[in-house]
Each structure stands twice: as C-alpha cells, then as structure tokens.
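K.L.:
The following block contains the structure, expressed as structure tokens.
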Amino acid sequence: MPWVITSSDADRRGRGPVLAAAAGRGLLGGLAGAAAMTASQRLERAVTGRRASHVPGRTLLLLAGRSPGEDDQPGAATLTMVVATSAALGALRGVWRASGLVRVRADVAQTLARIIVDQTLENATGAGAPPRAWRGGEGVVEVLHAAVAAVATGAVVERLVEPVLESRRGAASH
C-alpha cells in the first residue's frame, strides 16, 4: 500500500523525511480522532443533557487576540479548535508510531497529551477553569472523550505508519 510508511522508506530516505511523512499520515488520523470525539460528545450530551462546551472556541478567539464574553458560544471557533488540536496531536501520534510508541501506550499518552494541551491553553488564556474547579464527573467525561479521540486516531495511524524507526539501543543500559 503506497500510503503506508515501511522500513524500506526509512532505509532509503532517512529519519527526517520518514518522520515528516509519519507526521503527515498522523494528521489524517487526528482528523478521524476529531470526528470521533465530536460524535461521542454529541451522543453523550444527548444522553446526559449536558450543554455543549464553548471553552475551546473562546480559547481560540483569545489566542487570536479577540475578547469573547463568558456567555459567547462560538460554534465555528470551537469546532476549529477541536479539529486543529486533534490534527496536531495526530501528527505527533504519527511520529510516536514511527518511533515505536504504539497501541495502548500511545492511546494513553495521547489521551493525557490532549488533556494537558487543552488545559494549558484554556487556563493560560483565562477561557477555562482548572479541573479541580469543575463540577463532579466533568473530569471523567473529558477523559473519556479524549480517549475516544486517541483510539480513533490510533486506529488510522497504526494502519498508515509502521514503527520503522523503533530502536533497541539503550534497552539494557538505563
């Protein structure tokens, strides 16, 4: 399959181009992750009655130099922020995969990275509150949605990128 990065690509092209290609393939996985997370959020809200969060959109507007109000509900900005963050984390996931971080460990790492990136941006801009201030159960919901995105991203990335740069150096000398 021409879209899959293989060990012969690594031998022929070298590490840099392989990592760049893995990031590009990972970006595609990130888009799948954004779609899965958006769908899971809609389903969860239909079941729980929880309102949609527009904190990601307000965060993006603040990063762009705008001043959204607490009650603003910038739907397009929210979707843009979710997709952009997912794409960036997907690119990282592609690099991880090429380097040998795979499957469940990569899912866990991406879930944590998603929460860390979101919380850093939301709190640094003042758009969101830290998790310790959230109402009961909201942290669990956030982790579950981030995990859905990670698993969906991984499902695509693991088909498109082989762990061709995985090394065994240092395995016994730590």
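K.L.:
(1) at pLDDT 95 or above; (2) buried (at least 19 other Cβ atoms within 10 Å of the Cβ): which one isn't true of THR120, the others all being true?
P.N.:
In the conditions (1) at pLDDT 95 or above; (2) buried (at least 19 other Cβ atoms within 10 Å of the Cβ), THR120 misses (2) alone.
K.L.:
Given the conditions (1) more than 14 Å from MET37 (Cβ to Cβ); (2) surrounded by 14 or more Cβ atoms within 10 Å (Cβ to Cβ), and given that ALA87 satisfies all but one, which numbered condition is not satisfied?
P.N.:
Result: ALA87 passes all but (1).
K.L.:
Of (1) free of Cβ contacts under 8 Å to residues at least 12 places away in the same chain; (2) of a type outside the set (D, E, K, R); (3) closer than 21 Å to ALA35 by Cβ, GLY136 satisfies all except one. Which?
P.N.:
Single failed check for GLY136: (3).
K.L.:
Given the conditions (1) touching a residue at least 40 places away in the same chain (Cβ under 8 Å); (2) part of a helix (DSSP H, G or I); (3) out of contact with any Pro (no Cβ under 6 Å at 6 or more places or on another chain), which single one is not true for ARG58?
P.N.:
Result: ARG58 passes all but (3).
K.L.:
Another one. Taking interchain pairs and intrachain pairs at least six residues apart, which have beta carbon atoms under 7 angstrom, with the first residue in the stretch 110-129 and more than 15 Å from SER53 (Cα to Cα) and hydroxyl-bearing (Ser, Thr, Tyr) and the second modelled with pLDDT of 95 or more and part of a helix (DSSP H, G or I)?
P.N.:
Pairs found: THR111/VAL143; THR111/ALA146; THR111/ALA147; THR111/ALA150; THR125/THR59; THR125/LEU62; THR125/LEU63.
K.L.:
Any chance you could count how many residues in the stretch 131-174 are under 14 Å from VAL95 (Cα atoms), of a type outside the set (S, T, N, Q) and either more than 21 Å from the chain's Cα centre (by Cα) or outside any helix (DSSP H, G or I) (or both)?
P.N.:
The number of residues fulfilling the criteria is 6.
K.L.:
Would you confirm, using the coordinates I've provided, whether THR85 is more than 30 Å from LEU165 (Cα to Cα) and not acidic (Asp, Glu)?
P.N.:
No: the conditions fail for THR85.
K.L.:
Return only the number of the condition from (1) over 22 Å from PRO131 (Cβ atoms); (2) more than 17 Å from the chain's Cα centre (by Cα) that ALA39 does not satisfy.
P.N.:
ALA39 satisfies every listed condition except (2).
K.L.:
Further question on the same structure: Could you list, in sequence order, all residues of the stretch 62-82 that are surrounded by fewer than 18 Cβ atoms within 10 Å (Cβ to Cβ) and β-branched (Val, Ile, Thr)?
P.N.:
Across the stretch 62-82, the qualifying residue is only THR80.
K.L.:
Suppose the filter is surrounded by 14 or more Cβ atoms within 10 Å (Cβ to Cβ) and either at pLDDT below 95 or more than 21 Å from SER167 (Cα to Cα) (or both); does VAL95 pass it?
P.N.:
No.
K.L.:
Separate question: Among (1) in a loop (DSSP other than H, G, I, E, B); (2) exposed (fewer than 13 other Cβ atoms within 10 Å of the Cβ); (3) basic (Lys, Arg); (4) at pLDDT below 95, which single condition is ARG50 missing?
P.N.:
Status for ARG50: all satisfied but (2).
K.L.:
Quick check on my filter: what residues within the stretch 94-130 are part of a helix (DSSP H, G or I) and of a type in the set (Val, Ile, Thr)?
P.N.:
Within the stretch 94-130, VAL95, VAL104, VAL108, THR111, ILE115, ILE116, VAL117, THR120, THR125 meet the criteria.
K.L.:
Of these, VAL102, VAL108, which one is more than 14 Å from the chain's Cα centre (by Cα), surrounded by fewer than 20 Cβ atoms within 10 Å (Cβ to Cβ), within 30 Å of VAL4 (Cα to Cα) and modelled with pLDDT of 95 or more?
P.N.:
VAL102
The values are calculated or read from the model by the stated rules, or taken from the named source; none is laboratory data. Model, not experiment: these values are computed from the prediction. Neighbour counts run over all protein chains shown; Cβ positions are idealised from the backbone, glycine included.
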